[in-house]
Amino acid sequence: MLCYPDRRSALRAGAAVAAGALTAACAADSRTSSAPPAPSAPPAKAAPDRAAAAAKAAPAPRRFAGQPVEIGHGPRGRPDVALTFHGNGDPAIAKAVLAEAERAGARVTVLAIGAWLDAHPEMARRILDGGHELGNHTQRHLAINTMPEAQAYAEITGCADRLKRLTGSIGTWFRPSQTQYATPLVRKLAQRAGYPHVLSYDVDSLDFTSPGAAAVIRTVIGTIQGGSVVSLHFGYADTVDAMPPLLEELARRELRAVTTTELLTP
C-alpha cells in the first residue's frame with residue numbers, strides 16, 4: 001500500500017507518477033519538501049568503429065625484409081606451403097573450398113577480383129572470418145601486363161578501394177591478372193598503390209583447365225616442396241573435390257598449409 005505523509009506530498013507523488021518517476025517520489029520522506037531530481041541517463045556509448053575492427057582482421061600489407069619485390073615462394077627449409085586462390089566464380093564453390101580447408105585446419109590466401117567482390121561482397125568477411133587472408137587480383141582480371149600505365153594502375157587501385165571499403169584494408173597481397181609474373185611497370189604500380197610485394201607462385205595446379213580432381217592432385221603433389229606457393233582457383237568443382245586428398249597428402253608429407261604471410265614470417 002502506498003502512503004504519503006501529507007496531502008502536498010501525495011499531490012507531488014501523483015505528478016511524479018504522471019512523469020514516470022513514481023520510485024523517486026516514494027523515496028521522499030516527510031521532512032523534505034521535494035524529491036531530488038533523478039540522475040540523467042549516461043550518454044549512449046558510441047558505436048564501435050567497424051572499419052577499425054575490420055582493419056584489425058585484415059592487416060595492411062607489410063614489407064618482408066630480405067624478400068624480393070616479386071615473391072614466388074617462401075623459405076625452402078620450412079615445412080610450410082601456401083595455397084593461394086584466385087577469388088572468382090560461384091560463391092557456393094568458394095565456400096565449399098574454404099570449408100574443406102578449415103576442416104583440415106588449413107589457412108589459405110585468397111586473391112580476389114574486384115568485380116567478384118562487387119557481386120558478392122559477403123565473401124570478403126567469410127574469408128577473413130575463417131582465419132584466411134585476403135588480397136588483390138585486380139578489378140576485372142584483364143591482361144594487366146599489356147595495359148597502358150594509367151589503365152593498369154586503375155585495375156590495381158580499383159580492387160584495392162573495394163577491399164578497403166569492405167574490410168578496412170587494401171588487402172595483404174597483390175597478384176597480377178592473367179600472368180604468373182608482373183612486368184617491372186606493374187611491380188612499380190603495385191608499390192605505388194601500397195603493396196610492397198607482388199605475389200607470384202612456383203606451383204600451378206592448372207585447376208582452371210578442369211582436368212579432373214585426380215589430375216589437380218597429381219600436378220600439385222608432383223611439384224610441391226617446402227616453401228611452395230600454389231596457384232589454385234575458386235569456381236571449379238575439380239578444386240573442391242581435390243582439396244581433401246590434397247590436404248591429406250600434405251599432412252602425410254608433414255607439410256602444413258598456412259597463409260602466405262605465415263609462410264614468410266620468420
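For every other residue with a beta carbon closer than 11 angstrom to the beta carbon of Ile113, add +1 if it is Lys or Arg and -1 if Asp or Glu, then tell me the sum. Don't skip to the end; give the middle numbers.
Values: positive: Arg140, Arg162, Arg175; negative: Asp118, Glu155.
Summing Lys and Arg as +1 and Asp and Glu as -1 gives +1.
Using a ≥ b ≥ c from the Cα gyration tensor of segment 67-110 (square roots of the eigenvalues), is it rounded, prolate or oblate, where a/c under 1.5 gives rounded and otherwise the larger of a/b and b/c decides, a/b for prolate? Kindly include the intermediate steps, with their values, before the conclusion.
Working: a/c = 4.99, a/b = 1.62, b/c = 3.08.
Here segment 67-110 falls in the oblate category.
Hey, any idea what Rg/Rh is for segment 83-242, computing Rh the Kirkwood way over Cα pairs? It would help to have the intermediate numbers written out before the result.
Working: Rg = 14.9 Å, Rh = 15.7 Å.
My calculation puts Rg/Rh at 0.95.
Need the full-extension length gain, Arg78 to Glu254, defined as separation in residues times 0.36 nm minus the C-alpha distance. One decimal, nm. Write down the numbers at each step before the final one.
Details: separation 176, 0.36 × 176 = 63.36 nm, distance 1.03 nm.
Computed gain between Arg78 and Glu254 is 62.3 nm.
For segment 142-195, what class follows from the C-alpha gyration tensor (a ≥ b ≥ c being the square roots of its eigenvalues): rounded when a/c is under 1.5, otherwise prolate if a/b is larger than b/c, else oblate?
prolate
Return a whole-number percent for the relative contact order of segment 147-209, with Cα pairs under 8 Å and 6 or more residues apart as the contact set.
Values: 50 pairs, mean separation 21.0, N = 63.
That works out to 33 percent.
In terms of the Cα gyration tensor, with a ≥ b ≥ c the square roots of its eigenvalues, is segment 110-164 rounded because a/c is under 1.5, prolate because a/b exceeds b/c, or oblate? Don't jump to the answer; show the numbers that get you there.
Working: a/c = 2.65, a/b = 2.34, b/c = 1.13.
Verdict is prolate for segment 110-164.
Distance in nm between label sites at Arg165 and Glu262, each 7 Å beyond Cα in the beta-carbon direction?
Calculated label separation equals 3.1 nm.
List every residue whose amide H lies under 5 Å from the amide H of Leu111, counting only residues 5 or more places away in sequence or on a different chain, with H placed 1.01 Å from N in the peptide plane.
Answer set, sorted by chain and number: Phe85, His86, Gly87, Gly135.
Mind ranking 206-216, 133-143, 256-266 by how tightly packed they are, going by the mean number of other C-beta atoms within 10 angstrom, highest first? Write out the running numbers ahead of the final one.
Numbers: 206-216: 17.4, 133-143: 23.2, 256-266: 19.5.
Top of the packing list down: 133-143, 256-266, 206-216.
How big, on average over all directions, is the shadow cast by the Cα convex hull of segment 154-266, in nm²?
Its average projected convex-hull area is 8.2 nm².
Taking the mean number of other Cβ atoms within 10 Å as a proxy for protection, how do you rank 159-171, 85-97 from highest to lowest? Present the calculation step by step, with values, prior to reporting the outcome.
Numbers: 159-171: 22.0, 85-97: 19.7.
Descending mean neighbour count gives 159-171, 85-97.
Read-outs throughout are calculated quantities, based only on the coordinates presented, and are distinct from any laboratory measurement. All figures in this text were calculated on a predicted structure; none of them were measured in a lab. Glycine gets a Cβ as well: all are built from the backbone with ideal geometry, and neighbour counts include every protein chain shown.
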